[in-house]
Amino acid sequence: MSELEDLYQEIILDHNRRPRNFGKLEDSTHQAEGHNPLCGDEITVYLKLDGDRISEITFDGQGCAISKASASLMTARLKGRTLKEVRSVVSDVSELLTGPDEGIIDLERLGDLAALQGVRKYAVRVKCATLAWHALEAALTGEHETTTE
Ligand code: ZN
């Protein structure tokens, strides 16, 4: 295992052990639930939109280490961001996890989110990692539930 992969592993484990922004957001303006029946992950994303900025974002639910770490990394990155910035991060992560060409991803711009990179080698795990992101998109578009199959 390379040093970089080691570091990424550490980030995932850390976010799984101590998830950031974990818990229900009582005054959320948007929320959506995501299920990944393949793995049993269930994650609800809550957010509070203030104008075009996400002022608060949290998640709760249960799932494997990858799904929790991905949700935790997502909330840590998106809190306080404008919707335009959010769309850019969402598109970067989607490229990172499911894009055809690994080589074109700007890992520096992704920061800690780059830790999810190792997941793309395992098709089943990709669903775990994308779950929170799909729930986020569903929350923003007003759907209340999303399923990753
Ligand atoms: Zn999972």
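The values are calculated or read from the model by the stated rules, or taken from the named source; none is laboratory data. This one's a predicted model, so the numbers in the text were calculated from it and none came from an experiment. Note: ideal-geometry Cβ built from the backbone for every residue, glycine included; neighbour counts use all protein chains shown. Note: accessible area is taken over every heavy atom of the protein model, side chains too, but ligands, DNA and RNA are not part of it. Shrake-Rupley method; radii C 1.70, N 1.55, O 1.52, S 1.80 Å.
Below, the figures for the structure above:
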item: Centroid-to-centroid separation of region 1-45 and region 89-136 [C-alpha atoms, Å]; result: 13
item: Value of Rg to Rh for region 3-141 (Rh from inverse mean 1/r over Cα pairs, i.e. Kirkwood); result: 0.94
item: Å² per residue, accessible surface of region 18-90 at 1.4 Å; result: 46
item: Rounded to 5, the percent of DSSP beta bridges in region 3-141 classed as antiparallel; result: 95
item: Carbon plus sulfur fraction of accessible area for region 6-149, probe 1.4 Å, in percent; result: 46
item: Whole-number percent relative contact order across region 3-141, with pairs defined as alpha carbons under 8 Å at least 6 apart; result: 30
item: Most mobile of GLN31, GLN62, GLN117 in a GNM of the chain (Cα contacts under 10 Å); result: GLN62
item: Burial order of peptide ranges 46-55, 130-139 (average beta-carbon count within 10 Å, highest first); result: 130-139, 46-55
